[in-house]
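To keep things clear, I will list the structure first and then write my remarks on it.
No value in this document is a laboratory result; all are computed from the given coordinates. What you are looking at is a predicted structure, and each value in this text was computed from that prediction instead of being measured. Cβ placement follows ideal geometry from the backbone for every residue including glycine, while neighbour counts extend to all protein chains displayed.
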Amino acid sequence: MAGKISTRGMSYAAMFGAMTALGAYIIIPFPLVPITLQTFVMYLAASLLGGHLGALSQIVYILLGIIGLPVFAGGKAGLGVLIGPTGGYLIGFIIGAYIIGKMMESRKHSGYVWIALSLILATVVIYTCGVVQLLVVAQLSLQKAITVGVLPFLIGDAIKIAAAILLITKIKSRIQIKKVSND
Amino acid sequence: MYNWGQYVPGNSIIHRLDPRIKILSVIVLSVFILKVGVNAGLLLSVFMMAVIFMSRLTFQRVITSLRPFIIFFILLFLLHVLFTAGTPIVRFSFCGLSITHEGLYRGLYITWQFMFLVTGASILTMTTVPSDLISGIEGILKPLRPLGVPTHDIAIMLSLALRFVPTFLGEIDRIKKAQMARGANFKKGKMIKKIKNITSLALPIVLSSFRRAEETATAMEGRGYKRGPRTCLRNLRMSSADYIALVLMVAMMTGIQLMAL
C-alpha cells in the first residue's frame, strides 16, 4: 500500500469504517435470515473511495472490532471472531473492497453492468474467504460449509447489490469526491 | 449497543500490562487453542482462569461477555453433533439424523475452543482502555512499516472512526425522524415498501456523513495536522511485569509444543 493518503482520504476511510460498523446494527427482517448492511456499506465505500481507501476503511472496521467494539455481525467483537469460524468473511471484506475500488478506478464512467460485475465479483471473493476459514477453523466439510455459510445469504445479497448499484449511481451524480489519493 | 467486553476500570496487574503484550498474548493463545489437543487445552483453560483471577474481574462479568455468542455456540454444537459420522447413540427416525459418539465429542470440543477464544478477547478489551489498545495495535503493526503499511495513519483513522460512531448514530436517528415526519413508515408495510423506505434513509445518511468527514478533515488541516512521525502523550514502555508475562507466554507455548500435548 502506497503511503500517499491525504488527511481528507483518511477521514473518508475512517468514516466508512464507522459506517460499516453501524451497518452491522441495521437489521432488515427478512424470511429465513435477516439482512445486515455491512457488505452494503462496504460496496458503497469501495466504489466511492477507490481501492486503497476502500480497503483501508474495511481494515479500520475490523480493527474497531478487534479492539472490542461489538461491531461484527450479531454484536460480536474481538480477535476471537477474526480467528474464529466466521473470520474469513471479514478478511474477504478487505480484498473485496480493493477489487471493487480498482475496477471502478479502471474506467472513467462505470455503467450499471460494470458496477454490478465488480460487486458480484467482490461478493464471490468474500464467500470464498469465508468458506475457506469455515473449512479450516470449524472443520466443516465443503458441502456443509456452503450450506450454512453461503446459500442462506444469497437472496439478501442480490437485494443489497441491486440497492447498492442504485445508490452508487445516485451519489456519484450528486457529489464530486475530491481527489483523495495525493497529498 | 450490546454491552460486550467493555472496559472495566481497575488497577490489577493485568490492567497494567503493556497493551502490546496483551494483544500478542491473545493472538498467540487463539492460534494455539485451535491446534492443540485436549490436554494442552485444559492447561490453557487453567491459565485463562488464572488470568481472570489476576485481573480481578468477577467470573459473572466474564460469563456475561459470552452471552451474545450463545446462539452461535448452540448452532455450532448442534451442527457437529448431528452431522458427524460415527457410532450412533440416539437416532431420530423422522429425519434420518442421529447423535453420534464422535459428534458429541467433537461438538463439545469445538464449542469449548470457541468459548475460549471469546473469553480471551473479552478479557483483553475489559482490561485495556481503548486508546491504549490503539497505541498497542500501532506498536504491533510497526514492523510492517518498512513494507509500506501506513501504520500511523491506520491508528489515526481508528481513533477518528471511534469518534465517528456515536456521531453517526445520532445522525441516523435524526434523519430517520425527519423521514418519518415526511410520512415514511419503517415498521409496517410490504417488504418492497420497507426496502424502499430504507433506501430513502441511505442517501441522506451517506451524503451527510461525507460532509462530516470533510469537515473533520478541514478541521484537522486547519489545526496543522500533518502526516509523518509524531510524538505520543503516553509512550508505551515495557516494565518488568511485561517481560515476565512475555517469558511466561513463550515458555508455556514452547512447553506445549515440545511435549506435544
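At-a-glance table
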read-out	value
The stretch A:91-141: trypsin sites (Lys or Arg not before Pro) falling in loop per DSSP and having at most 14 other Cβ within 10 Å	A:107, A:108
Positive-end extreme of charge dipole, chain B - chosen from B:236, B:77, B:23 (charges on Cβ)	B:77
Kyte-Doolittle mean at least -0.5 and Cα axial length at least 18 Å: DSSP H helices in chain A	A:7-23, A:51-66, A:87-105, A:112-137, A:154-174
Kyte-Doolittle mean at least 1.0 and Cα axial length at least 18 Å: DSSP H helices in chain B	B:19-35, B:38-54, B:70-83, B:240-259
Rounded Å value of the spacing that divides the Cα centres of the stretch B:1-78 and the stretch B:210-261	20
Coil-residue chymotrypsin sites (Phe, Trp or Tyr not before Pro) of the stretch B:160-248, DSSP, other Cβ within 10 Å capped at 16	B:186, B:225
Neighbouring partner chain Cβ atoms per residue of B:214-220, average, 10 Å criterion	5
Of B:142, B:176, B:190, the one that fluctuates the most in a GNM where chain B has Cα springs shorter than 10 Å	B:190
Given charges at Cβ of Lys, Arg, Asp, Glu: the stretch B:151-222 dipole, positive-most of B:185, B:164, B:203	B:185
Listed residues A:153, A:40, A:72, most fluctuating in chain A (Gaussian network, C-alpha, under 10 Å)	A:153
Overall form of the protein assembly as shown per C-alpha gyration tensor (a/c, 1.5; a/b vs b/c)	oblate
Check: the stretch B:13-128 dipole with +1 on Lys, Arg Cβ and -1 on Asp, Glu Cβ, in debye	260
Total charge dipole magnitude, the protein assembly as shown, about the Cα centre, Cβ charges on Lys, Arg, Asp, Glu only, Debye to nearest 20	1380
Contact order normalised by residue count of chain B, Cα under 8 Å, 6+ apart, percent	25
Candidates B:75, B:169, B:66, ranked by Gaussian network fluctuation over chain B, Cα under 10 Å, top entry	B:169
Given charges at beta-carbon only (K, R positive; D, E negative), |dipole| of the stretch B:70-182 in Debye	340
Among B:48, B:109, B:33 the positive-end extreme of the charge dipole of the stretch B:13-128 (Cβ point charges)	B:48
Contour excess over end-to-end distance, with Cα ends at residue B:196 and residue B:231 and 0.36 nm allotted per residue	7.8 nm
Separation between Cα centres of the stretch A:7-30 and the stretch B:130-159, rounded to whole Å	20
